[in-house]
Structures are given as C-alpha cells and as structure tokens.
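Structure first, commentary second.
Quick note: the coordinates plus some simple rules give every number you see, no bench work behind them. From a predicted model like this one, the values you see are computed outputs, not experimental measurements. FYI the Cβ positions are ideal-geometry reconstructions off the backbone, even for glycines, and counts take in every protein chain you see.
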Amino acid sequence: SDVKKIYTKKLPHSLGWFYKAFTLFCGFDKHEGPGMLMGLAPYGKPNNEIRKKVEKVLKWDCEDNENFDYTVDPEYLYLGKRYIKNEDLTNKFVDLFGKPNFDSYNPESFYRDVAYEAQNRLEQTLYKLFDRFLIQTGHQYVTFSGGVGLNCKTTGYIWKNNKKIKDIYV
C-alpha cells in the first residue's frame, strides 16, 4: 500500500524544541539531555502551578480528540532576548519558570516537578495527536520516528493506554 502524508506541523511548533527547552532549564546537555529529563520526570510530582506555566508554552488549540491540534509559543523557546547565563534559553522562559538549574547531578524538587510536568504535557499531547489520526484514518498500526519518538516513556504510555493501536513501530 502507498504511504501518504496526512499531517505536517512546521516550525515553530516543534515538540522536540519544546522538550529541549525544559532539558536545558533542568541543567542537562542539549544533545544527550532529553533522555536525562525523561529519567528525572518520575521523581517529580504533579504541580498545578508549574502545569499552568507549561501549558503557556505548549497550548492545545482544540481538545476534541477527532480534531485535536496544538501550538508551541516560539517566544519561550527561541525568539527574543537570550538569558545571559545560558544563551540556549530565552529571558521569557526564565521569567516564567525562574532560575535554571546548574546542578544536574542533584536537582532540587522544583526541577523534578518541572521535568514531570514537561514529560506529562508531551505524553498527553502526543496521545491526543495519535488518537486524532487513528480516528481519522481507521488505522491500527502506527510508525513513529524522530527524536521525540525516542522518548520511550511517551511511546509506552500511548501503547499501553490507546486501545485503538494494534502495534507501534518506533
């Protein structure tokens, strides 16, 4: 059968760049750090104050699963003035979340909670996006690629919880 593109999300709405910003904020390296952030997330706890801030960065335009869509606010990630102590972060991001972590070996509970909320938002966003396409196409087999596809916590969550999927290939 033919492979057809059914959806494209263009910059600035990158989930990878969303996740990278939180990786850097929590004190991890931009290349190998996303796996570290994923590993830190289970040590955090749900935090409504942090969740509301994360939702400003990654907004849901429509929560209806059949038409679900999202946007990423680029001013938090890469537009605007850079934070002087870490130029990979924007001042707007630091103004929203506070001082970045510089001790990745022993992150305080706040950074663990930030990791938890960033991971949770990524999981929920992708779950809804996958569900949208499963509903629209009627397919039961999913292929997922790219850097975000390496987030095994997210793909495991989708695989475990979305009963429309028969198999997933990453």
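Where does the chain land at 222 nm, in deg cm²/dmol rounded to the nearest 500, when only DSSP H runs of n ≥ 4 count, each adding -39500 (n - 2.57), divided by all residues? Could the numbers behind the result be given before it?
On the way: 7 runs with 79 residues, N = 170.
Helices in the chain give a 222 nm mean residue ellipticity of -14000 deg cm²/dmol.
So for the chain, averaging the separation of alpha carbon pairs under 8 Å that are six or more residues apart and normalising by length, what relative contact order in percent results?
In percent, rounded to a whole number, it is 26.
Under a Cβ-Cβ cut-off of 15 Å, what is the net charge of the residues other than N162 that fall near it, where Lys and Arg count +1 and Asp and Glu count -1?
Result for the local shell: +3.
In whole Hz and in residue order, list the ³J(HN,Hα) couplings for region 34-46 that follow from phi through the Karplus curve 6.51 cos²θ - 1.76 cosθ + 1.60, θ = phi - 60°; x for Gly and Pro.
x, x, 5, 5, 4, x, 6, 3, x, 7, x, 10, x
Sorted from largest down, what three extents in whole angstroms do the Cα atoms of the chain have along their principal axes?
Sorted largest first, the three principal extents are 51, 31, 29 Å.
Let me see the P(r) profile for region 1-59: every Cα-Cα distance counted, bins of 5 Å, each bin given as a percent of all pairs.
Computed distribution, short to long bins: 4, 14, 20, 22, 17, 9, 7, 5, 2, 0.
Give the distance, in whole Å, between the Cα centre of region 15-74 and the Cα centre of region 121-145.
If you average the Cα positions of each part, the centres end up 18 Å apart.
Mind listing which trypsin sites (Lys or Arg not before Pro) in region 56-121 are in a DSSP loop and have 12 or fewer other Cβ atoms within 10 Å?
K81, K85
About its Cα centre, how strong a charge dipole does the chain have in debye, to the nearest 20, once Lys and Arg get +1 and Asp and Glu get -1 at the Cβ?
140
Please list, ordered by chain and number, the residues whose modelled amide H lies under 5 Å from the amide H of G27; skip anything fewer than 5 residues away on the same chain.
Under 5 Å from the amide H of G27 lie the amide H atoms of N101, each far enough along the sequence or on another chain.
Enter the per residue convex hull volume of region 116-170, computed from alpha-carbon coordinates, in Å³ rounded to the nearest integer.
It comes to 69 Å³ per residue, whole-number rounded.
For E55 and N162 in one chain, what is 0.36 nm times their gap in residues minus the Cα-Cα distance, to one decimal in nm? Numbers along the way, then the final one.
Numbers: separation 107, 0.36 × 107 = 38.52 nm, distance 2.26 nm.
Gain in length upon complete extension: 36.3 nm.
Contour minus end-to-end for Q140 and T8, with contour as 0.36 nm per residue of separation and end-to-end as the Cα-Cα distance?
45.5 nm
With an 8 Å cut-off on Cα pairs and a minimum separation of 6 or more residues, tell me the relative contact order of region 1-78 in percent.
30
Skipping prolines and chain starts, which residues have an amide H placed within reach, meaning under 5 Å, of the one on Y70, given they are 5 or more residues away or on another chain?
Residues meeting the criterion, in which the H sits 1.01 Å from N, are D61.
Could you pull out the chymotrypsin sites (Phe, Trp or Tyr not before Pro) across region 64-110 that fall in loop regions by DSSP (anything but H, G, I, E, B) with no more than 11 other Cβ atoms inside 10 Å?
Values: sites: F68, Y70, Y76, Y78, Y83, F93, F97, F102, Y105, F110; in loops: F68, Y78, F102, Y105.
Here the chymotrypsin sites (Phe, Trp or Tyr not before Pro) that fit, given the DSSP loop and packing criteria, are F102, Y105.
Calculate I(q)/I(0) for region 77-170 by the Debye formula, one identical point scatterer on each C-alpha and no solvent, and give its log10 at q = 0.19, 0.21, 0.25 Å⁻¹ to two decimals.
Reported log10 I(q)/I(0), two decimals: -0.93, -1.01, -1.23.
Cα axis of helix 48-57 to longest principal axis of the chain: angle in degrees, 0 to 90, nearest 10?
Between the helix axis and the principal axis of the chain, the angle is about 70 degrees.
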